[in-house]
Amino acid sequence: MTAWYAAVDLGASNVKAVIGDSDGTVVSRAGRRTPHGPDGDAVVDAMVAATQEALSDADVTAEEIVRCGVGSIGPLDKAAGELGRSANLGPNVDRVPLADPLADLLDADVTVVNDANAGVIGERFYADRSPDDMAYLTISSGIGAGVAVDGRVLSGWDGNAAEVGHFTVDAGGLTCGCGADGHWEAYCSGTNIPQHARYVHETEDVPTGLPLDEIDAKDVFAADDEDPLAGRVIERVQAYNAAGVADLVHAYAPLVVYVGGAVARNNPEQVVEPVRERLPELVMTNVPEVRLTTLGDEAVVRGALAAAITASDSSRRR
Ligand SMILES: [Zn+2]
């Protein structure tokens, strides 16, 4: 009899659900846009509906699910299995219960991890060769990392260890979404590249043909070769990305850094390759391999699936 597992990725834009077997083979997928209001119940409904659809497409019943994994945006309350108030879900969404609604639906235990930790769990599970010391870095609407050190994925008491997006790369510089100044994410995340462009336009007086009040990160990457301001911003993004990864390397000593997230996946030559090139100059310890994620846009949901599979293995061993 096949042991089936369910997994959910709750992202700022999309909810994804998959059903897979104990080898991590995904047999069905379903998704929804992530509702930004009116309240947390709408988000729960979307997760439950996507999971039900994935079950039904797989022809698997809720009773056949051994365990469920959830990879979610933060901030998490691990003990409660909840997502706390997230700036990414709009002003009216307070707390979102993650574990309880899925446990009720599936009558199974639910493992909740933050999205970047899901990434590193997935890369370790699916890789041909998975070192005990490695990191998964996501460069998306935000920047975050999941890190394995000595074979253990660092979680921290509240599940928010390795918040590398809030490494200070420019003391006193641009204000981050968290309210503090000079954080990596304030310069290089998809959400913040437009404010970075406006900042460079004001402080360095670089000319531009871009409509600075209306651009998104995609426009800046696309104009890299033609527009002087875009070129300058991408150059600075590359420098800050390299600095951020160097800090990550000095903190956690990974042998491999996998890079995922939409900003990295959509622009690997402008985001991943320059980090690889610059790292040797910046790092005083071992220089890790830097690779684009092997799991594409499913790094988090497949990581959540791997988290469910490995959690049930370890509970069986006990
Ligand atoms: Zn910050």
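Here, each number is a calculation from the coordinates, and none is a lab measurement. Computed from a prediction, not measured in an experiment: that's the story for all the values here. Positions of Cβ are backbone-derived with ideal geometry, glycine not excepted, and every protein chain shown enters the neighbour counts.
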Calculate, in nm to one decimal, what residue 14 and residue 226 gain on full extension: separation in residues at 0.36 nm each, minus their alpha carbon distance.
73.1 nm
Virtual spin-label span in nm between residue 152 and residue 282, 7 Å along Cα→Cβ:
2.8 nm
Under a Gaussian network model of the chain whose springs join Cα atoms within less than 10 Å, the largest fluctuation of 145, 127, 108 belongs to 127
With a point put 7 Å past each Cα toward its Cβ, work out how far residue 253 is from residue 61 in nm, to one decimal.
5.1 nm
Tell me which residues come under 5 Å, amide H to amide H, from residue 70 once H is placed; ignore anything under 5 positions away on its chain.
8, 111, 112, 113
What angle do you read, to the nearest 10 degrees and between 0 and 90, between the alpha-carbon axis of helix 228-252 and the longest principal axis of the chain?
50 degrees
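Can you work out the FRET efficiency for the pair residue 205 and residue 178, with r the C-beta to C-beta distance and R0 = 22 Å, to the nearest 0.05?
FRET efficiency, residue 205 to residue 178: 0.15.
Which of the peptides 268-279, 177-188 is most tightly packed, and how do the rest follow, going by the mean number of other Cβ atoms within 10 Å of each residue?
Working: 268-279: 17.2, 177-188: 20.0.
By packing density, highest mean first, the sequence is 177-188, 268-279.
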Nothing charged except the Cβ atoms of Lys and Arg (+1) and of Asp and Glu (-1): what's the magnitude of the dipole of the range 131-293 about its Cα centre? Round to the nearest 20 debye.
440 debye
Going by amide H atoms built from the backbone, whose H comes under 5 Å of the H on residue 290, apart from near neighbours?
257
Where the centroid of each part is defined by its Cα atoms, how far is the range 1-41 from the range 289-312 in Å?
13 Å
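With +1 on the Cβ of every Lys and Arg and -1 on the Cβ of every Asp and Glu, and nothing else charged, how large is the dipole of the chain about its Cα centre, in debye rounded to the nearest 20?
Details: 23 positive and 50 negative charges, 149 e Å.
The calculation lands at about 720 debye.
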Under the 0.36 nm per residue contour assumption, what length would be gained going from the current alpha-carbon distance of residue 52 and residue 100 to full extension?
15.8 nm
What residues qualify as long-range amide H neighbours of residue 173, i.e. H under 5 Å apart, gap of 5 or more or another chain, H built at 1.01 Å from N?
182
Apply the Karplus curve 6.51 cos²θ - 1.76 cosθ + 1.60, θ = phi - 60°, to the phi angles in the range 275-287 and return the couplings in whole Hz, x for Gly and Pro.
5, 4, 5, 8, 4, x, 6, 9, 9, 8, 9, 4, 8
